[in-house]
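Visitor: My structure is below; once you've seen it, I'll send some questions.
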Amino acid sequence: MSAQSIYDLAPLGAIIRFSDDTPRPPERHRKKLAAWEHRNSSGRLIRKQSERRIGNTVISPSITLHAGDYCGGGVVVLRVHRTFSVDSDLTFVVTERPKVGSAQVLDRPGEDAELVYLASHRAAAEEWLTRHGYPTAILREISADGAAVQGRTAA
């Protein structure tokens, strides 16, 4: 799939694998392997951002994947996000979709909202929100057809 297909079809919370379709180098080639891993990895789809203008510049639509967290002493000290333009030359594959009944916690209403947590069910999402500060968050549940439904304000 292309990045445009992911933008159009994949739900927030899906696990997306991306690749440049080149073979993995041997472990002994550390620099080549690091470069390869930069273009061949996966992450959770957390944002779809539509086209936007900044002055005379047009920025094309993009998708953002949460690639991982680095922790120290049980505290997340660095969160890694990867953003790809829909024009990306990489190949994308949906490897896992959010389960039916799971609940998405979005940081704000609107089309450019970012997924901040994916809970197994609505009650778990509401409980998570009581411990984390997102005053404008909304909850959406995943229906049987994979679409997010019941977008209500979490407050």
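Only the coordinates and a few stated rules stand behind these numbers; no lab work does. All values reported here derive from a predicted model rather than from experimental measurement. Every residue, glycine among them, receives a Cβ derived from its backbone with ideal geometry; neighbour counts consider all protein chains shown.
Visitor: How large is the helix-only mean residue ellipticity at 222 nm for the chain, computed as the sum of -39500 (n - 2.57) over DSSP H runs with n ≥ 4, divided by its residue count, in deg cm²/dmol to the nearest 500?
Guide: After summing the helix terms and dividing by the residues of the chain, the value is -5000 deg cm²/dmol.
Visitor: Roughly how many debye, to the nearest 20, is the charge dipole of the stretch 3-96 about its Cα centre, given +1 on each Lys and Arg Cβ, -1 on each Asp and Glu Cβ, and no other charges? Could you put the intermediate results ahead of the total?
Guide: Numbers: 14 positive and 10 negative charges, 68 e Å.
Dipole size: approximately 320 debye.
Visitor: Which longest uninterrupted range of the chain lacks any GluC sites (Glu not before Pro) assigned by DSSP to a loop state (not H, G, I, E or B) and surrounded by at most 16 other Cβ atoms within 10 Å? Could the numbers behind the result be given before it?
Guide: Numbers: sites that count: 27, 51, 111.
The reported range is 52-110.
Visitor: Restricting to Cα atoms and excluding each atom paired with itself, what does the Kirkwood estimate give for the stretch 99-145 in Å?
Guide: On the way: mean 1/r = 0.0944 Å⁻¹.
The answer is 10.6 Å.
Visitor: To continue, here is another question. Around residue 6, under 15 Å between beta carbons, what's the net of Lys plus Arg minus Asp minus Glu among the other residues?
Guide: The answer is +2.
Visitor: With θ set to phi - 60°, apply the Karplus curve 6.51 cos²θ - 1.76 cosθ + 1.60 along the stretch 115-123 and write out the HN-Hα couplings as whole Hz, x wherever there is a Gly or Pro.
Guide: 3J(HN,Hα) across the stretch 115-123, in whole Hz: 6, 9, 7, 10, 9, 5, 7, 4, 4.
Visitor: Which of the listed residues, 73, 100, 85, is farthest toward the dipole's positive end in the chain, when Lys, Arg count +1 and Asp, Glu count -1 at the beta-carbon?
Guide: Ranked along the dipole, the leading option is 73.
Visitor: Can you tell me the orientation of helix 30-39 relative to the chain, as the angle in degrees between its alpha-carbon axis and the longest Cα principal axis, to the nearest 10?
Guide: 40
Visitor: Could I ask something else about it? Loop-only trypsin sites (Lys or Arg not before Pro) in the stretch 1-58, please: DSSP not H, G, I, E or B, and at most 14 other Cβ atoms within 10 Å. Let's see the in-between values first.
Guide: Numbers: sites: 17, 28, 30, 31, 32, 39, 44, 47, 48, 52, 53; in loops: 28.
Listed in order of number, the matching sites are 28.
Visitor: Starting from 0 in steps of 5 Å, tell me what percent of the Cα-Cα pairs of the chain lands in each bin.
Guide: 2, 9, 16, 18, 19, 16, 11, 6, 3, 1, 0
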